[in-house]
1. Restricting to the range 332-365, name every residue that is open to solvent by 70 Å² or more (accessible area, probe 1.4 Å) and over 28 Å from Leu416 (Cα atoms).
2. Kindly indicate which of Arg206, Arg188, Arg275 is more than 30 Å from Arg375 (Cα to Cα) and crowded, with 17+ Cβ neighbours inside 10 Å.
3. So for the range 303-321 (the condition being without any contact (Cβ under 8 Å) to a residue 60 or more places away in the chain and under 14 Å from Met121 (Cα atoms)), does at least one residue qualify?
4. Picking from Ser239, Ser182, which residue would you name as being open to solvent by less than 30 Å² (accessible area, probe 1.4 Å) and modelled with pLDDT of 85 or more?
5. Open to solvent by 30 Å² or more (accessible area, probe 1.4 Å), in contact with a Cys (Cβ under 9 Å, 6 or more places away or on another chain) and either of a type outside the set (Asp, Glu) or not in a strand (DSSP E or B) (or both), is that true of Glu507?
6. Could you tell me which residue of the range 538-564 is nearest to Thr516 (Cα to Cα), considering only residues that are touching an Asp or Glu at 6+ places or on another chain (Cβ under 9 Å) and outside any strand (DSSP E or B)?
7. Out of all the residues in the range 308-331, which are open to solvent by 40 Å² or more (accessible area, probe 1.4 Å) and out of contact with any Lys or Arg (no Cβ under 8 Å at 6 or more places or on another chain)?
8. On the given criteria, is Asn258 surrounded by fewer than 19 Cβ atoms within 10 Å (Cβ to Cβ) and in contact (Cβ under 8 Å) with a residue 24 or more places away in the chain?
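The values are calculated or read from the model by the stated rules, or taken from the named source; none is laboratory data. Everything numeric in this text was worked out from a predicted model, so none of it was measured. A quick note on method: Cβ atoms are made from the backbone with ideal geometry, for glycine too, and the neighbour counts reach across all protein chains shown. These accessible areas exclude ligands, DNA and RNA; they are computed on the full protein's heavy atoms, side chains included. Shrake-Rupley method; radii C 1.70, N 1.55, O 1.52, S 1.80 Å.
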Amino acid sequence: MAMASASLSSALNQQHLFNLPKQCSILNLRFFSSTSCYSLNPSPCRVFFRRRVHALSSSSVFSRSYSKCQNRYPDYGGRKFSQVPNLRHFMPRATAAVADGGVSGPQVEGRIYHETYGCQMNVNDMEIVLSIMKKAGFGEVVETPEAAEIIFINTCAIRDNAEQKVWQRLNYFWFLKRHWKSNVATGRSQSVHPPKVVVLGCMAERLKDKILDADKMVDVVCGPDAYRDLPRLLEEVDSGHKGINTLLSLEETYADINPVRISKNSISAFVSIMRGCNNMCSFCIVPFTRGRERSRPVESIVTEVAELWKEGVKEVTLLGQNVNSYNDTSVVEEIGSGVDWKYSDGFSSLCKVRNIGLRFADLLDRLAVEFPDMRFRYTSPHPKDFPNELIYIMRDRHNICKSIHLPAQSGSSAVLERMRRGYTREAYLDLVEKIRSIIPDIGISSDFICGFCGETEEDHQQTLSLVRAVGYDMAFMFAYSMREKTHAHRNYVDDIPDKVKQRRLTELIEAFRESTGQCYDSKIGSVQLVLVEGPNKRAPDSELIGKSDRGHRVSFTNLPVPDKNNNGVNRNPNVGDYVEVQVSKSTRASLHGEALAITKLSSFYADMHEEVSTCVNVS
């Protein structure tokens, strides 16, 4: 009976269709949620089921059955229906005491430890999870897994290396759980009951069956669109079941959730504006782990940024898997036809847009105008979604950072076609030229993959030449790692040996270093506006460090300078100040200079504009 109950509960959790066997008439089954329990009790009445039942949320299907049954059978053996004992009544209560020197005292409901792997979107997702758990009563976060009752590991499935790191950590968490009593007795653990291990994110979606079957290593598997379900899934573990929900959504954006900020740096924050991806690049697993694109309403984003400004945040990075394809159709009175969607010149997409609402340029412009002393960055865009309006808004708004991430992936048109990127080498270079003609001092970063299926030496050389031609400020470079479910996995052969991939990667890194040094060297003698992030780790007692508009790391000596915001009174810069720094040295990976003054973001660019106007009038 226990096996049948567990099987049926698992089917409900995974929201599959199921056929109930005839023997169900002899079972007394209960289904739990975080707020209710529902009973399917064949005695004293016989319960009949349809042959196929949609296992949707307990609140939509079983709540109606529960309500009807409760009205029809208000008493059960002299007791109220709600008083009938359930599985939880027969389970031994967890105790905080451990035999032979264990922990004693009041039981802790559930302290949380979390680790995050992968992109900044995963970091933001973890902040959403912490907010959901805090609302459910789990507000305490600890610094070590040994002190936690709930362990979250937020995963990435983009590359195999990231997955291997996760498996290593899961092995250690399994050790903490499996040998909990001895760990507590010997002082290696301070938790008050064995920890529940929860796998979140992209890897949870991609490898859910493998994870759950891994020798009781994991208790809950939760995909990127199911975080609201975490409190219920953790309750399922208390009932002796595995918790799993990896369903993808066409609507979930978590727009109503105020994230619990993880970063100790209070001056910068990440704000997710859209989720999912429609690009279907042949190498990428994201559309299969995070679903299709959907955008948050503009107003919810503006509200969140306003709260961050009140908290003292000076720089916000807007996040999305394809952030510049943002398209809010929720409040636009006249939604445009998707046929009018403008791509970058020479670019195309496999996925067509149905309707047009407020685009990324509209959102950026709104934020820049409403928060003139807050900096805005964004990642990660796709080169196809840089229409002229977006580039001109970036030029005209001083607080939109002059830095663009422009993932190329390859410099070979043949490889780009197999990658299904929707552009050629020539179209990419034309876009770079157009951007730099409109914003001359723009910083450009990129992504590259070495050793994609069928890549020849000639293809590789074309990638090296692209790197040298563009001159990137920064680049993320990886050896190709084939992912299951992708177009490449179904249609191509991973035919480049690992040694060749690594050699090409090394050559690509060297080509990047040659060109990027020139970007840094060109800043010597210039005045950069630096947002101070904290002490320079290499000289914490004497130097501060921060980022320039282009995202360059800039360090400077911590000395009193005039504060333009306070009648020119001299003081040392603090974290969160904007400081004018004259660059005197370049290491080809960072800049160093001397602080000139403390100022405001809007004041710095107003003064710069006034100086330019004066020069024009004089000439």
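1. Step one: list which residues in the range 332-365 are open to solvent by 70 Å² or more (accessible area, probe 1.4 Å), which gives 333-335, 339-340, 342, 345, 350, 352, 354-355, 362.
Across the range 332-365, the qualifying residues are Glu333, Glu334, Ile335, Asp362.
2. Numbers: Arg188 fails: crowded, with 17+ Cβ neighbours inside 10 Å; Arg275 fails: more than 30 Å from Arg375 (Cα to Cα).
Among Arg206, Arg188, Arg275, only Arg206 is more than 30 Å from Arg375 (Cα to Cα) and crowded, with 17+ Cβ neighbours inside 10 Å.
3. No, the range 303-321 contains no residue that is without any contact (Cβ under 8 Å) to a residue 60 or more places away in the chain and under 14 Å from Met121 (Cα atoms).
4. Criteria check complete, one pass: Ser239.
5. Yes.
6. Among residues in the range 538-564 that are touching an Asp or Glu at 6+ places or on another chain (Cβ under 9 Å) and outside any strand (DSSP E or B), the one nearest to Thr516 (Cα to Cα) is His552.
7. Scanning the range 308-331 gives Trp309, Lys310, Glu311, Thr329, Ser330, Val331.
8. yes
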